[in-house]
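Each remark here refers to the structure printed beneath this line.
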Amino acid sequence: MEKTYYDPKDLKKFGNVSDYQKELGDKFFDYYNKVFADSALSAKEKSLIALAVSHAVQCPYCIDAYTVDSLEKGYSEEQMMEAVHVATAIRGGASLVHSVQMMNKVDKLTM
């Protein structure tokens, strides 16, 4: 078995994060559960958004959890990969747009 820094078994311990600070942990999970409930967006749509965001923030636990959740909610592999590409485009664009700052500084220093 290959060792990784992130142990997939640790995902099952997520609910234990309240152990060292129950009040704040409970408030987080109340909020978390409310966020993922059906409302203006369906729980299904939120699952796909969570999968894309998981890739953008590079959380292996979230990627595992929302890959499973998205499949269970009926998304195809193609839809899931397209959502990941959307996240990738936004993340890449967010990095690239900051080059304007660099260009402004270069212009200021070389004028």
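Quick note: the coordinates plus some simple rules give every number you see, no bench work behind them. Since we're looking at a predicted model, the values are computed, not measured. Don't worry about glycine lacking a Cβ; one is built from the backbone with ideal geometry, like all the others, and counts go over all protein chains shown.
Straight-line cross-link partners of LYS13 among the aspartates and glutamates, defined as a Cα under 20 Å from its Cα and at least 8 positions apart when in the same chain: GLU23, ASP26, ASP30, ASP64, ASP69. Between ASP107 and TYR32, residue separation times 0.36 nm minus the direct Cα-Cα distance comes to 22.5 nm. Residues considered: ASP19, ASP69, ASP38. Largest GNM mean-square fluctuation over the chain, using C-alpha springs under 10 Å, is found at ASP19.
When you filter the trypsin sites (Lys or Arg not before Pro) in the stretch 1-110 for DSSP loop state and at most 10 other Cβ atoms inside 10 Å of their Cβ, you are left with LYS3. Partner lysines whose Cα lies under 22 Å from the Cα of LYS12, excluding those fewer than 8 positions away in the same chain, are identified as LYS3, LYS22, LYS27, LYS34, LYS44, LYS46, LYS73.
Using R0 = 25 Å, the C-beta based FRET efficiency linking VAL68 and HIS98 works out to 0.15. Across the chain, the longest run free of exposed loop sites, meaning chymotrypsin sites (Phe, Trp or Tyr not before Pro) lying outside DSSP classes H, G, I, E and B with no more than 16 other Cβ atoms within 10 Å, spans 37-111.
Put +1 on the Cβ of every Lys and Arg and -1 on every Asp and Glu Cβ in the chain; which of SER99, THR4, TYR31 then has its Cα farthest towards the positive end of the dipole? Value computed over the given set: SER99. Max-minus-min Cα coordinates of the chain on each principal axis give 57, 42, 38 Å, with the largest extent listed first.
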